[in-house]
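One structure is given below, encoded as structure tokens.
The values are calculated or read from the model by the stated rules, or taken from the named source; none is laboratory data. In this text the structure is predicted, and so the values were computed from the model without any measurement. With ideal geometry, Cβ positions are generated from the backbone for all residues, glycine too; neighbour counts draw on all protein chains shown.
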Amino acid sequence: MKGFTLIEVMVVVVIIGLLASFGGYHVFRSKLEAERRIAQAKCKEYYDMAHMWQMQGPSKALPGSLDDMSAPIRPGERDFLRPDADPWGNAYVLEGDGGDVRVRSFGEDRQEGTDDDLVWPEVAR
């Protein structure tokens, strides 16, 4: 008699299931880490753009929000910036703190002030 026994087939199915669950976990974790890195890079990009806007603008003042940077600096020019949403669909927030600005993403939970918030420049917690 040729073929596989039921026990042999079950062992192979269990092994395949374990490999799939282990691999799926790492793929999911890698996706979350990639989203966080993308959001952090965008925060830095918008921070740098705010300083470029300040240098090119006639008032030499930092913008109050990303919407301020959406309009052309001078009449007849193209829009300075078209902000994107973060990987979770939220708008990035630019906030001034007197002499500088910070760019923030509220992260996956979309709640302000939680551990998954991303800020540039980074602040000590």
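Name the residue, out of 119, 123, that is touching a strand residue (DSSP E or B) at 6+ places or on another chain (Cβ under 6 Å) and either modelled with pLDDT of 95 or more or among the β-branched types (Val, Ile, Thr) (or both). Steps first, answer last, please.
Numbers: 123 fails: touching a strand residue (DSSP E or B) at 6+ places or on another chain (Cβ under 6 Å).
Just a single option satisfies the conditions, and that option is 119.
Name the single residue that is surrounded by the fewest Cβ atoms within 10 Å (Cβ to Cβ) among those in the stretch 79-109 being of a type in the set (Asp, Glu) and out of contact with any Pro (no Cβ under 7 Å at 6 or more places or on another chain).
So the first thing to find is which residues in the stretch 79-109 are of a type in the set (Asp, Glu), and the list is 79, 84, 86, 95, 97, 100, 108-109.
When the remaining residues are screened for being out of contact with any Pro (no Cβ under 7 Å at 6 or more places or on another chain), the result is 84, 86, 95, 97, 100, 108-109.
On the way: 84: 13, 86: 24, 95: 11, 97: 9, 100: 11, 108: 17, 109: 12.
Within the stretch 79-109, the match that is surrounded by the fewest Cβ atoms within 10 Å (Cβ to Cβ) is 97.
For the stretch 1-22, which residues satisfy the criterion of being in a helix (DSSP H, G or I) and among the small types (Gly, Ala, Ser)? Walk me through how you get there before you give the answer.
First, the residues of the stretch 1-22 that are in a helix (DSSP H, G or I): 6-22.
Across the stretch 1-22, the qualifying residues are 17, 20, 21.
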Quiz prompt | Breaking point among (1) over 17 Å from the mean Cα position of the chain (by Cα); (2) more than 15 Å from residue 49 (Cβ to Cβ), for residue 72 | solution = (2)
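Considering only the stretch 23-77, state which residues are among the small types (Gly, Ala, Ser) and in a helix (DSSP H, G or I).
Filtering the stretch 23-77 for residues among the small types (Gly, Ala, Ser) gives 23-24, 30, 34, 39, 41, 50, 57, 59, 61, 64-65, 70-71, 76.
Passing the criteria: 23, 24, 30, 34, 39, 41, 50, 70.
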Self-check item: Subset of the stretch 37-90 [touching a residue at least 24 places away in the same chain (Cβ under 8 Å) and of a type in the set (Val, Ile, Thr)]
Solution: 38
